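Any read-out appearing in this document is the output of simple, stated calculations on the displayed coordinates, not a laboratory observation. Being a predicted model, the structure only gives us computed values, none of them experimental. Neighbour counts are summed over all protein chains in view; Cβ atoms, including those assigned to glycine, are modelled from backbone coordinates with ideal geometry.
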Amino acid sequence: MRRLAVSVRHPYMFSAGDDKQVKCWDLEQNKVIRSYHGHLSGVYCLALHPTLDILVTGGRDSVCRVWDIRTKAQSFALSRHENTVCSVFTQAVITIML
């Protein structure tokens, strides 16, 4: 296992590793409830969005993937990185209407 992230909104923990797998663990049931497939090699980093049900992963395949954690659907694959994606970050954006 390379990385872990714990949701502040749900009783979930996400894990990523060299086995190309990203898993969602239900901390109340103590079991894997979802797996996210798409990376072609090890997954080195992950981040949860603080206000949306979005997970971002990156890895040795030089692709950053954006997932809907509820449906397991991949929303985006951000490719064309020249090397391993070692770090990802998410943040909430506040829009002010005048």
*Stretched out fully, how many nm does the piece from Lys31 to Ser87 gain, at 0.36 nm a residue minus the Cα gap?*
17.5 nm
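Once the Cβ-Cβ distance between Ser79 and Leu52 is put in as r, and R0 is 30 Å, what FRET efficiency do you end up with, to the nearest 0.05?
Details: r = 22 Å, r/R0 = 0.74.
Once rounded, the FRET efficiency stands at 0.85.
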*If you work out Rg/Rh (Cα atoms, Kirkwood Rh) from the coordinates, which of (1) 1.03; (2) 1.15; (3) 0.99 do you get?*
(3)
*Using θ = phi - 60° and the Karplus curve 6.51 cos²θ - 1.76 cosθ + 1.60, what whole-Hz ³J(HN,Hα) does each residue of region 63-79 get, with Gly and Pro shown as x?*
10, 9, 10, 10, 10, 8, 5, 6, 9, 6, 6, 7, 7, 8, 10, 9, 9
